[in-house]
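Down below is the structure, laid out as structure tokens.
The values are calculated or read from the model by the stated rules, or taken from the named source; none is laboratory data. A quick note: this is a predicted structure, and the numbers were derived from the prediction, not measured. In this analysis, Cβ positions are derived from the backbone assuming ideal geometry, glycine residues included, and neighbour counts consider all displayed protein chains.
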Amino acid sequence: MHWWFISFPFIAAATGWLINRLFITLLFRPYHPVKISGITLQGVFPKKQAQLATGLSKYLSIQLFSFRDIEEKITSPENLQQVLPLAEQHVDHFLRYKLGEAFPMISMFIGDTTINQLKTIFMQELAIIFPEVMQAYMKNLQQKFDPEQMIAQKIAAISPAQLELGLRQAMTTEFRTFRIAGACTGFLIGLIQLIIISLIN
């Protein structure tokens, strides 16, 4: 058996590795349409970037950015209890200092007892109106802010080179595995060919 028969698996492995490497390259290159003999060539990702931006933005806006979830978290009793102490500090400061600065005569007639009573009333009212105010704010924000459109515009604005760099960095392991799989597959095919040729001879 000649030595080049034995090299079949290794040649096939190299071929499989190169084919998969070429396939990965064609996912990104060429960045812009190139016509060769009437055939237009362009990388898969650059060609489908607009569709990718639309689909990915829709998925992300649903899965990661839900106005309903944000509203529920903001208006939840637990978060309200965390906010109220800070609000109480501002109300206390307002009643003790700001109110007296605006209306000096009033400060002459109210003491700590009155201030504490007013503060209690204000805090009770704040606990009632705060969720309503935040719900109204979120509805207004939702009407003016479209996360799906914003994400789509950001993705569509990425240059093909940046898109390639980002995806290659994010999928380094996957691309390496794909190339190795091509080499292993090629080696296996070459080995099968070598066995068949040996049996025939």
| said: Yes or no: the stretch 114-127 includes at least one residue that is at negative phi, in contact (Cβ under 8 Å) with a residue 40 or more places away in the chain and of a type in the set (A, V, I, L, M, F, W, C). | reply: yes
| query | If you take the residues in the stretch 28-41 that are outside any loop (DSSP other than H, G, I, E, B) and of a type outside the set (A, V, I, L, M), which one is farthest from Phe178 (Cα to Cα)? | reply | Lys35
| query | Taking interchain pairs and intrachain pairs at least six residues apart, which have beta carbon atoms under 9 angstrom, with the first residue in the stretch 1-27 and within 14 Å of Ile192 (Cβ to Cβ) and in a helix (DSSP H, G or I) and the second modelled with pLDDT of 90 or more and of a type in the set (D, E, K, R)? | reply | Gly16/Arg179
| query | Only one of (1) over 39 Å from the mean Cα position of the chain (by Cα); (2) at positive phi is not met by Ser7, so which one is it? | reply | (2)
| helices (runs of 4 or more DSSP H) wholly in the stretch 89-156 with at least 1 residues that are modelled with pLDDT under 80 and exposed (fewer than 10 other Cβ atoms within 10 Å of the Cβ) - which ones? | 104-107, 112-144
| message | Of the conditions (1) surrounded by 14 or more Cβ atoms within 10 Å (Cβ to Cβ); (2) at pLDDT 85 or above, Leu22 satisfies every one except a single condition; which number is it? | response | (1)
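So, of the residues in the stretch 10-45 that are polar (S, T, N, Q) and under 18 Å from Thr172 (Cα atoms), which turns out to be nearest to the chain's Cα centre (by Cα)?
By that ranking, first place goes to Thr25.
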| task | Kindly list, by first and then second residue, each pair from a residue in the stretch 77-89 that is of a type in the set (Gly, Ala, Ser) to a residue that is surrounded by 10 or more Cβ atoms within 10 Å (Cβ to Cβ) and part of a helix (DSSP H, G or I), limited to pairs with Cβ atoms under 9 Å and residues at least 6 apart or on different chains. | result | Ala87/Phe122; Ala87/Met123; Ala87/Leu126; Ala87/Phe130
| request: Collect the residues in the stretch 140-173 that are in contact (Cβ under 8 Å) with a residue 24 or more places away in the chain, more than 26 Å from Asn20 (Cβ to Cβ) and over 18 Å from the mean Cα position of the chain (by Cα), keeping them in residue-number order. | output: Leu141, Gln142
| task | Test Tyr59 against the stated conditions and say whether it is farther than 30 Å from Gln117 by Cα, among the aromatic types (Phe, Trp, Tyr) and without any contact (Cβ under 8 Å) to a residue 24 or more places away in the chain. | result | yes
| field | Search result, residues across the stretch 157-182 that are under 22 Å from Gly55 (Cβ atoms), of a type in the set (A, V, I, L, M, F, W, C) and surrounded by 11 or more Cβ atoms within 10 Å (Cβ to Cβ) | value | Ile158, Ala161, Leu163, Leu165, Leu167, Met171, Phe175
| said: Here is a check on your reading of the model: is Glu71 under 39 Å from the mean Cα position of the chain (by Cα), modelled with pLDDT under 85 and assigned to a helix (DSSP H, G or I)? | reply: yes
